[in-house]
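The values are calculated or read from the model by the stated rules, or taken from the named source; none is laboratory data. For clarity, every value in this text was computed on a predicted model and none was experimentally measured. No Cβ is skipped: glycine too gets one built from the backbone with ideal geometry, and neighbour counts run over all protein chains shown.
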Amino acid sequence: MITYLSYFCIGVGLIFWFWGTFPLVGDRSVLYKLHSLSVADTLGSMSIICGLLLKIPSEWPLLILAILSLAIWNTVLGYVLAYCSSSEDNQQ
């Protein structure tokens, strides 16, 4: 049962990865596209890591560190990009 749940988490992660690429071909702004891609990529990566956590429980410290690093890194990167975008608008 754990094996199937692990594969399910990994499959959901792959779906999120591909789902995040579809807004890239739309007519929205670059920031919207980047936001959609980063959110879907973060959720997909975390889901894949949770699947690996179920599959390889002996490596839980490294996998938990990977999940926390993903959450912090992508959140900070989003704020930095938003700040750079808003400061660019204020300079013009």
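Answer yes or no: is there a residue in the stretch 77-86 that is at pLDDT below 90 and among the aromatic types (Phe, Trp, Tyr).
The answer is yes, given that some residue of the stretch 77-86 is at pLDDT below 90 and among the aromatic types (Phe, Trp, Tyr).
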(request) Pairs only if they're at least six apart or on different chains, beta carbon under 6 angstrom, first in the stretch 28-53 and in contact (Cβ under 8 Å) with a residue 24 or more places away in the chain, second hydroxyl-bearing (Ser, Thr, Tyr) and assigned to a helix (DSSP H, G or I); list them, first residue then second. (result) Leu31/Ser85; Gly51/Ser6
(message) Report every pair of residues separated by at least 6 positions or lying on different chains whose Cβ atoms are under 8 Å apart, first residue within the stretch 67-85 and within 21 Å of Ile10 (Cβ to Cβ), second part of a helix (DSSP H, G or I) and of a type in the set (S, T, N, Q).
(response) Leu70/Thr42; Leu70/Ser45; Ala71/Thr42; Asn74/Ser38; Asn74/Thr42
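Residues checked against (1) out of contact with any Gly (no Cβ under 9 Å at 6 or more places or on another chain); (2) exposed (fewer than 11 other Cβ atoms within 10 Å of the Cβ); (3) of a type in the set (S, T, N, Q):
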site	(1), (2), (3)
Thr3	yes, yes, yes
Cys9	no, no, no
Thr21	yes, no, yes
Ser47	no, no, yes
Leu52	yes, no, no
Ile67	yes, no, no
Trp73	yes, no, no
(message) Condition first: hydroxyl-bearing (Ser, Thr, Tyr) and in contact (Cβ under 8 Å) with a residue 24 or more places away in the chain. Now tell me which residues in the stretch 4-18 satisfy that.
(response) Ser6, Tyr7
